Each structure stands twice: as structure tokens, then as C-alpha cells.
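Take a look at the structure set out below.
Just so it is clear, none of the values below were taken in a lab; they were calculated from the coordinates. Predicted model only: the values in this text are computed from it and were never measured. Cβ sites come from the backbone with ideal geometry, for glycine too, and all protein chains shown count toward neighbours.
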6 protein chains.
Amino acid sequence: MPLLWSGYSLLYLEGQEKAYTQDLGRAGSCLRVFSTMPFSYCNSAACHYASRNDKSYWLSTNNPLPMMPISCGEIYQYISRCVVCEAPAPAVAVHSQNTSVPSCPIGWSSLWIGYSFLMHTGSGDEGGGQSLTSSGSCLKDFRTQPFVECQGPRGTCHFFANVYSFWLTGVSHKEEQGLAPQTRTLKTTSQQRACISRCHVCMKQ
Amino acid sequence: MPLLWSGYSLLYLEGQEKAYTQDLGRAGSCLRVFSTMPFSYCNSAACHYASRNDKSYWLSTNNPLPMMPISCGEIYQYISRCVVCEAPAPAVAVHSQNTSVPSCPIGWSSLWIGYSFLMHTGSGDEGGGQSLTSSGSCLKDFRTQPFVECQGPRGTCHFFANVYSFWLTGVSHKEEQGLAPQTRTLKTTSQQRACISRCHVCMKQ
Amino acid sequence: MPLLWSGYSLLYLEGQEKAYTQDLGRAGSCLRVFSTMPFSYCNSAACHYASRNDKSYWLSTNNPLPMMPISCGEIYQYISRCVVCEAPAPAVAVHSQNTSVPSCPIGWSSLWIGYSFLMHTGSGDEGGGQSLTSSGSCLKDFRTQPFVECQGPRGTCHFFANVYSFWLTGVSHKEEQGLAPQTRTLKTTSQQRACISRCHVCMKQ
Amino acid sequence: MPLLWSGYSLLYLEGQEKAYTQDLGRAGSCLRVFSTMPFSYCNSAACHYASRNDKSYWLSTNNPLPMMPISCGEIYQYISRCVVCEAPAPAVAVHSQNTSVPSCPIGWSSLWIGYSFLMHTGSGDEGGGQSLTSSGSCLKDFRTQPFVECQGPRGTCHFFANVYSFWLTGVSHKEEQGLAPQTRTLKTTSQQRACISRCHVCMKQ
Amino acid sequence: MPLLWSGYSLLYLEGQEKAYTQDLGRAGSCLRVFSTMPFSYCNSAACHYASRNDKSYWLSTNNPLPMMPISCGEIYQYISRCVVCEAPAPAVAVHSQNTSVPSCPIGWSSLWIGYSFLMHTGSGDEGGGQSLTSSGSCLKDFRTQPFVECQGPRGTCHFFANVYSFWLTGVSHKEEQGLAPQTRTLKTTSQQRACISRCHVCMKQ
Amino acid sequence: MPLLWSGYSLLYLEGQEKAYTQDLGRAGSCLRVFSTMPFSYCNSAACHYASRNDKSYWLSTNNPLPMMPISCGEIYQYISRCVVCEAPAPAVAVHSQNTSVPSCPIGWSSLWIGYSFLMHTGSGDEGGGQSLTSSGSCLKDFRTQPFVECQGPRGTCHFFANVYSFWLTGVSHKEEQGLAPQTRTLKTTSQQRACISRCHVCMKQ
């Protein structure tokens, strides 16, 4: 597939404590230039840049999380890269709601398999989600904290503890029969992966 | 059109009092398995399932509304079913903003007619909406309460009185001329249907 | 491209202090009939029209902003018009994140150039945004206040000072190297335009 | 007790979709002059009066609720009156959390008995509450809708169905022993009164 | 009256985009030490100080507003000073709801006269209000922007244009008779002062 | 001081995702009877008890936190007890904003010393705060999680990781001189205590 551009994976921007999330399966989530503060805001009187505490959130790489705010040239190793390609047909995500990878429908070919990513919240409980049809709802890798918060005017990024990700889970047979689900807390990565729904991104041939 | 899968019509999921709505015209709103609690949430420390009062909202069937919470095996009769088909071309909704059904543009064929569904709110005034282009903004049937709230960890569903649906209305000639609209309260179903905009879902031939 | 319909450019509707935004690049943002109050809301007991202080927000024209509420027949000159056409292929927005207009990818033809519109907030800090893939994120003209608020039941519209628009900005070389961005306040239109990212809406040939 | 002034019982004001509630037990909730729009708002550029859809909420009288918006001279019969007196000692509310009226502590005299009013929400889920120490948390009369919403710039008031009041309830013996409470829906006034906690407003002698 | 301490007039603190306002008539709004970031936050895992973009808001002095962020030693001239005194009796605010200063009740002596301050909003539409009984609802001076926002971790303060103050207004005779109020926009300080309700802070002798 | 009643320390109640906080220094925060669901809500149609996922939050004891939801008879050992006494004069909190305990003003006697508690957030970022004048802003003991969330209709309580407490901190000399504060993360209890402001609750003799 021909490459259109490459860039950095933007999840969402928050201005004046209001968030707007990009669909990770569409080209708009791949910004060519990374900046902790890629936007300004205007009212009838003036435009302002980097004056208030606005934020940007980006998909993160697999690098181990640092404890302290990340600054300057160090940031780039934590921000996930992306490419935008010209696809001959639209890609669609299929979710199994159990722990086995669903197969692509007949006449569709496989692009990648992953974990079913539903939505996220960051600072101030603002957040957003992914359409479960979009390839953005099927992340190749599962991590409890798949994105990083950058604080625009300070020029730093940080992995905060009160940033949440929401994932489709496998549904047990008991729940399917209508019984109330059982409360569970999963601490190890292997426990967590054994609970999250799997998905497949497929493209019409 | 070839069938890809069948399932249950998910309207939106609410985790930690934050909602994310699915587009009812896209495949992501058709979950193969029904569960009152189809997701879990994670932060850097752990993942949690069914521990807090998270919620799911589903399109409902035409069955008469029960007064009490619905549990166990009874739930299925109130949850709308869906199928995902492979369409040769995208479907588009057309809205008349009056009480007559709009016709499809020339060169487009009719899929179904319905009522113009705009948005919805549930618990805590959280909610979402439908793109007016999407076939999800054209529900075949009009009901004042077209969806049901399920309370994840309790495993029950309920039709609450403070759940709202928003619909495009017909615009009167006086309003078109710029006069202020008149306040109206409509109590009977026939009055209500006579006020709601009609729509048509069409597909390019 | 064949014309499907013409209408008025709806940005978003707010019912009971909850907003839902239309994608300006899709047909759903072009309503055939203008009304300050184009929807009603229902719960299980009744439907209501124009009873509470609901609002609609519309893209505005280039006409100079009036100071006072606009009523009756005067409104139409401030509401932007739109047409919905049948395109042979999907249109996509490309953003430069600097002040030069990006070129369309090879094999794509130019539809229009513009300024990178990201999101907006109105009354009560409610608002929404545009997918950066959508042609709705590339407005032909830059203005600090590109939309107008109409107050449904009163039948008037007004340009309020606490209505905000958010735009992608050009990123400086220093920021690309990871330095904290510098706070700026831009008061004149020429300063503002020199700061906002440019974009190009392209269509696959 | 000497009378300081008389007026109208203000519950809360909502400006720009943000509410601030007055303590019903203090003099600030008794405004001398009634107006649907008793305030204006300012930013650094200007002050505005009655330009946006701001609201005021007032305690209501026992008059039967009208279905339609109330306007002009009719409003006064639905707005509760108040007097501010100079008390020799502070008044305190005591709540029983069951259906019998609690007695005043020894050395305190009785001012009135009532029902334990906790909090309220109106338009857009904005609202507030009462300190359970304040005499404002003990309303003499129980009604499911003890207040009315006035829409400032239109000059009318209305009893809306999605306005809620919250009341302390009697706690059953089973719950005191730690069992989960049972869901109940109470439709008649006598059922409702039999469920709400009683209170006593007392003054130190 | 004996002096207890002097300090700086804190209006409210905002942590994680949630605000809590101090009553300006009580000692808790007078902090002995000024800091742009006077608090930290904790969850079960750790406490954090100055890591996120938290904010503090302070009453401002009459000094002319600067256009740019204020830093370092310059801040102090813009932050209002306060003293906490031991009063022999509680002080109470009385509001006239017109443009003449109300007199104190018989047996009460005058402390100061002012303008009726109701509530405020800052970043993200968060804010709070004053009890109309409290002396904090009667500010000696009227200004459209009586407070300043300090951004904790950056150590700077700024007068932003989308910070709002809400004031009781005088009620006209027509409104008292139940007519809808007229929309007004007031641009000059003298117009504004002629519209705001006056108040008197009185103390029982 | 004569005892009026004893009970359980209520911090706040949340109904329909809206919270109202009690002042911990006033009698209203001391409920005689503990229940995970001490209130019901009403609109014009009916009253409801324990039907939706409402919550109550209570000050907790020093018992080590359990990992799992707490149910039935086990709850009582985690809920802080309180007594309401008749004080001869009002109590006032004094905060040092450093790590030494402030002394009571001359003519005031000491009631207790503690740590300066400012505000809190729980589920859905809802929360509230304490007036810094109130004795409720001076908690005898410092813990990162001083309260517990009870889920009404399920009858259980739980210490969640995304529940936050906010505390006044000591202000360093550098900050007093206007320098930007330094980011810190404090993991051990001794580090945390060395950072939190101390306070003293005093009563006029």
C-alpha cells in the first residue's frame, strides 16, 4: 500500500478542560510533527497560544515507564510512531469478546490481531473512545497504560496514575445466561491479558 | 447482502461516569455477546472488572416496558437484535424535517424509512448522539424510550424515567420565517409521531 | 459532482446542557431547513418542544458581527449555506502544521485549501470537535468566531464573547527539538493567520 | 423574635450552566425582591444582563402544579415567602433517620418539625444541597417537587419533570445489620411520607 | 477588634479540574502565606506536589491589569491582602437589589458598604459562589474581574478573558410586576455600577 | 461539654452522579444510623430508593485497608465514629502552611492538633471540600485515603485507587519569594507527613 505520510500517534487534545478524541483508525490521528502543544484557541477578542494549562495525549511506545516528568529530547522515545497508507478498501475491526482471536469474514484478509481497546480517561475525567468498527479499537499490544499525557505550556510529558484505559472483556458462560458478573481485580499482566477480548483487523479483498 | 455476524444493539458504555457512544449505523454497535458488563478498566497498577457501578445501554425491543428491574434470563426479550451485512455501497440517511418521508436521491435505492433520532442522555446526564449522515440516525420505529440501562455489576436492567431521547422535529412555516417557536408538550404517541421528522436510509446503486 | 441537496451548516445541537457535534465534512451537518430549535426531547412520560433553554450552533457567514441578539428575518444573512454533493471518492484533509499549504499526495486532486479547525466550545463549556481526517477540519476561511449560537425557544441568535474555537498551530523548530513552547497572545487577524496551520482537502482521482 | 425583612425563598441561581445554592437556613436565601433573573455576569470586556439562558430556582408554595409555563402576574402565587428574624441563639436541625419525629436535646426548645431535605438537581444535572445541621435541611412539608425553575430572560417559570429532590430516608433494621437495601418505588404521597426521615429544628434556650 | 492574623485573600483552589471555593467572609479565605500552589494531592499509592496543572485563584488588588502572565516577585502587588479579626458578634450582609445602599437593621452597626458579589467561574467553567448572608458576598469595590488565576506548577498568574464574575442586579419595577427582563450589555464602568445591587455589612451591637 | 448524640462520620452523598459534601466540623456530618444508602430521590411522578447506583462516602478508621469489597457486618469496623457536643463557643481551625503546629491565638484554648485537609474527589471526579475555618479541615490523623466509598444498592464498601484527597502543604522559602514550585512525588508516610501543613483547632475561652 502506498505511503502517504508518517508521524506521531495523537490520541486526544484537551483545551480549556474539554477533550476531543481522534479515531485511531483514521489518518487524523497521525500528526506529522510532534509538539506537546499543537494548537491555540481564539475568541472574538484574540488568539492565545500556550497560555493556559492545555494538554495533549499520545499513544506511547513499549519503553518502560519513567517515574518523573519527561522533558526535552527524551520525549520522542515514548511517543508511538504511525504511518498513513492508501488502502484499496476500508479496514474493519472484529471483536471476539473472549480470549481467542476471531477470524476474518470470508472474502476478507487479515491485517493484524490485537486487544479490544474501548475508551480512556485522563486528567479531570475527560476522555473519549473508539468506534468498535474502527481499526483504532484493536491495539496490537495490551498495556494498562497505553498513552502518555503531555502538558502543553511546560513542554513535558508524564505517566500519571489516574489515567485509565477501558477494554472489552471476555464474557463468561454464566454471564451469558444472565447471572450477575463477579468482581475481579487483576494485578499481573498475564492475568490481565487472559481477561481482555481479542480482535482482528480485516480488509475486504 | 452477505451476513457477517449477528448480535445485540449496543448504544453506549459508561465507565467511571464517562460515556462513549457507538454509531448505530456501523458494525461496532452490534456486539456478538450480550453482557450487562462487557468491559473492564485499567490503570498502571491493576485492571478491575465489575467492581464499580459501571453501566451499559442497549437499544430495546418493542415489548411493553416493565416497572421493576429486569434480571437473569428475562433480559434478552428487551434487548434489540442486530445483523452486520456486507453492503456493496455506503448507506446514507436523509431527513425531511417535516412529517412526510423524504425520497431517496436519483440513483439511490431505498433501504428503510424511519424517524430522525438525534441524541440521548442517561444516568448523570451523560450521553451521546448520532451523526445525521449515519443510518443510525434513522430508527425504524419511534418510541419515547428506545433504549434500556443495564447496571453492570448487579446484572440487571431498568427503564428509568430520567433517561431522555432527542429527535429532529418538523419545522413549521412560521419558524422558517424566523418567528420564535411555540412551546408544546405532547403526551400521546400519535401527537408525538406527528411532530417528529421522518427519514429515509438510501444506498447508492 | 451531482448535487443532492442544499441547506444550512449545522455545527452542533445542545439539549438539556448536553451537546452533540456533527462532522462538518459529512452530509449530516447540512440541514435543509433552518430553525433555531430543530429538535424536541422525550422521556417515558411525554415529548417536549421549545420548553427549556435548548440551543443550536451554526457556522456563520463572513458578515460583520452584530453586537445585539439577531432576530426574525435578519438571521439568515449570518448562517452559512451548504450543499451536499455526490463525490466519486472520499475527500480527506491534510494538515501541514506550519504556515505553508501542504500539497495533495500523488494521485489525489485538490478540492480546496484552508485553515486547520480542531474543536470549539460554547455555552457551559460544552462543545465538540472535528476528526482531522474529515474535510470539516479544513475551513476555507479563518475567523476567531466561525459560528453563532441560537437560543431555541426565544428564536434569536447571538455572537457571545465566551464562545471559543481551537485551531492547529504551526510548530516552531525549537518546539520540535523538545523545548517548552512560548506563550503568545495574537490580537490582529494577520498575526493570527500567520500562526494557524494550513490544510488541503484532497480527493482520490 | 424581631423581624429583619421578608422576601422570597431563593434556592439557587444558575449562570452559564453553573449553579450556586443558598443555605435555606440562612438569611441569604430570602431575597427581598422576586425576579426571574436577579443577576448579571461580567468579564473583563463587559457586563451582560438577561442575554443568555440563565435560570433561578425558588422554593414553591403548596398550590397545585400547573402544566404549562407560568408567566407575568401569575408567578407570585407559586413562589414561597420567607421572613428573616433575629434569633437569640442559633437554630440546629436534628434528623431521626426513621419515621418518628426526633425530640430536641435537653435545654433546647422546639421551633418546627419537618422532613429531612438533603439535595436537589435541576436543568443539566446542576444542583446543590443543604448542610444537615442547617434548619434549611428540615422542610415543614414534604413534596416530591418542592421548588420551581424560572427561566430568566423569558420571564416565565415551569415545573419540569426532570427536576429531582433528594431526602434522607428511614433506615430499616436489616440495613442497620449490614444487609443490602431493597429497591423500592413509591408512587403515592402516603407511601412516600412513610419512607422519608423526620426532623426537628431546635434552638438553644 | 483584636487582630488574629493577616494574609492573602484566597478565593478558590482547583485540583484535578475540580474546584472548592472558600467563603470570603470567613477566616479560611485568609491564608498566611501566598503560594501559586498551596496544596498537594494523594491517593493510596503516593502524594504528588506540583506535578499536574493545578490552579489557585485569589482576590486581586486595584492595580491595572497587565496583559502578560505575571511572574516572580511581581505577583504580590496583584494579590489582595486580608486580616482576620476577632469580632464580638457575627457580621451579616444585607442586599438592596437596587442601586441605593440598604441601611442596617435597628440595633446593628455598619461595618462597610459594597457591591453584591454572587459567584464566579474560571478555567473549565469550574467555580463557586458566596452565601448571600456572608460578608464575603459584599465586596467593597466593583470590578468586572475581581480575581486572578495562578497556575501552580508554573509559578505564574494571569488575568484571563474567560474568567467570569456574577453579581446581583437591581430589579426594575417592570420586572417586579412580572414582565420579562430586557437584555442589556454594559461596557463602561459607570453603566455597570449603575446596574449592580448595593449591599451593607452590619454587625449586631 | 454535654453530649448531644453519637453516630457515624458522613463525608458526602452522591445521587445520580451529583455529590453534596457535609462540613466535617458541623453536626450534620454525624449521622446517628449508618447505612450504605441513607437517602431516596423523587421527581413529580414518584420516589425511588436504592434503584440506581447511588453512593455514600464516610470517614474511615485507622484499620488497615482491605483489598476486596467489604460487606455485611464487617463494614462497621472501617467507618469512623463521631460525637456531637454542645460547645460554649465556636471552634476555629488555624493552619500553619508549614510543618510546625501553629499556636492558638491569645485568649483561645486548644481542642486538638492535626493535618490540614482541603478537599477530596471520588467516583466520576465528583467531590467537595472543607471550609478552612471549619474544624473539619483539621483531621487529627494524616492518611492518603481518609475515607471509604459505599455503593448503596449493593450494600458494600470499597477503598478504590482513584479516590483522591487534597491537603494544604508547607510553602518553601523559595516559593514565598515567587519561584516556581518543584514537582515532587512522595511515597512513604514519613515523607508525606513532612510535607503537609499542620493545623490547630482552637476555641474562644
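Going from the fewest other Cβ atoms within 10 Å to the most, the residues F:LEU111, B:LEU168 appear in the order F:LEU111, B:LEU168. For E:SER60, the residues whose modelled amide H falls within less than 5 Å of its own, excluding neighbours fewer than 5 places apart on the same chain, are E:SER80, E:PHE147, E:VAL148. Shielding of peptide C:29-35 by partners, expressed as the average count of other chain Cβ atoms within 10 Å per residue Cβ, is 6. Cβ crowding within 10 Å ranks E:CYS85, C:CYS82, E:CYS138, F:CYS30 as E:CYS85, C:CYS82, F:CYS30, E:CYS138, fewest other Cβ atoms first. Modelled spin-label separation between F:SER110 and A:TRP112, with each label point placed 7 Å from Cα along the Cα-to-Cβ direction: 6.3 nm. For label points placed 7 Å from Cα toward Cβ, what is the shortest-first list of nm distances from F:SER71 to its copies? Result for F:SER71, in nm, nearest copy first: 1.2, 5.1, 5.7, 5.7, 6.3.
Note on the stretch A:1-121: with charges restricted to the Cβ of Lys and Arg (+1) and Asp and Glu (-1), its dipole about the Cα centre is near 60 debye. Bridgeable aspartates and glutamates around E:LYS174 (alpha carbons under 16 Å apart, same-chain partners fewer than 8 residues away excluded): D:GLU74.
For E:LYS204, the aspartates and glutamates whose Cα comes closer than 18 Å to its Cα, not counting residues fewer than 8 places off in the same chain, are D:GLU86, E:GLU86.
Here the Karplus relation 6.51 cos²θ - 1.76 cosθ + 1.60, evaluated at θ = phi - 60°, turns the backbone of the stretch B:19-35 into coupling constants of 9, 9, 9, 8, 6, 5, x, 10, 4, x, 8, 10, 8, 5, 10, 8, 8 Hz, with x for every Gly and Pro. Which one of D:GLN145, D:GLN16, D:GLN130 has the biggest mean-square fluctuation once chain D is modelled by GNM with Cα springs under 10 Å? Highest fluctuation of the listed residues: D:GLN16. When only alpha carbons of chain A are considered, Rg and Dmax amount to 18.4, 59 Å.
Backbone amide hydrogens, once placed in the peptide plane, bring E:SER51 within less than 5 Å of F:ARG184, excluding anything fewer than 5 places away on its chain.
Translational diffusion of the protein assembly as shown, estimated by Stokes-Einstein from the Kirkwood radius over alpha carbon pairs at 10 °C in a medium of 1.306 mPa s, is 51 µm² per second.
How large is the helix-only mean residue ellipticity at 222 nm for chain A, computed as the sum of -39500 (n - 2.57) over DSSP H runs with n ≥ 4, divided by its residue count, in deg cm²/dmol to the nearest 500?
Values: 2 runs with 9 residues, N = 205.
Estimated from H runs of four or more residues: -500 deg cm²/dmol.
Averaged over the residues of peptide C:11-24, the number of Cβ atoms from other protein chains lying within 10 Å of each residue's Cβ is 6. Below 8 Å between Cα atoms, with a sequence gap of 6+, how large is the relative contact order for chain A in percent? Here the relative contact order equals 29 percent. Result for chain A in a Gaussian network model with C-alpha springs under 10 Å: among A:LEU132, A:LEU118, A:LEU65, the largest mean-square fluctuation is at A:LEU65. Across the stretch A:147-195 the C-alpha pair distances fall into 10 Å bins from zero in the proportions 18, 35, 23, 16, 7, 0 percent.
Could you list, in their original order, any pairs among E:LYS55/F:LYS55; A:LYS55/E:LYS18; D:LYS187/F:LYS18; C:LYS55/D:LYS18 whose Cα atoms are separated by more than 19 Å? Mind showing how you got there, number by number?
On the way: E:LYS55/F:LYS55 28 Å; A:LYS55/E:LYS18 16 Å; D:LYS187/F:LYS18 24 Å; C:LYS55/D:LYS18 16 Å.
Beyond 19 Å: E:LYS55/F:LYS55; D:LYS187/F:LYS18.
With charges only on Cβ, +1 for K and R and -1 for D and E, what is the dipole size of chain F about its Cα centre, in debye, rounded to 20?
Charge dipole, chain F, about its Cα centre: 340 debye, nearest 20.
For peptide E:103-109, the mean count of partner chain Cβ atoms within 10 Å of a residue's Cβ comes to 2. In this assembly of identical copies, the label point of C:GLN177 (Cα plus 7 Å along Cα-to-Cβ) is separated from its counterparts by 3.0, 6.7, 6.7, 7.2, 7.5 nm, sorted shortest first.
Each other residue within a Cβ distance under 9 Å of A:GLN16 adds +1 if Lys or Arg and -1 if Asp or Glu, for a net charge of -3. Residues A:THR189, C:THR36, ranked from the fewest to the most other C-beta atoms within 10 Å, line up as A:THR189, C:THR36.
Which residues does a label at E:MET1 reach in the stretch E:19-51, if reach means a backbone N under 15 Å from a point 7 Å past the Cα toward the Cβ? Answer for the stretch E:19-51: E:24-30.
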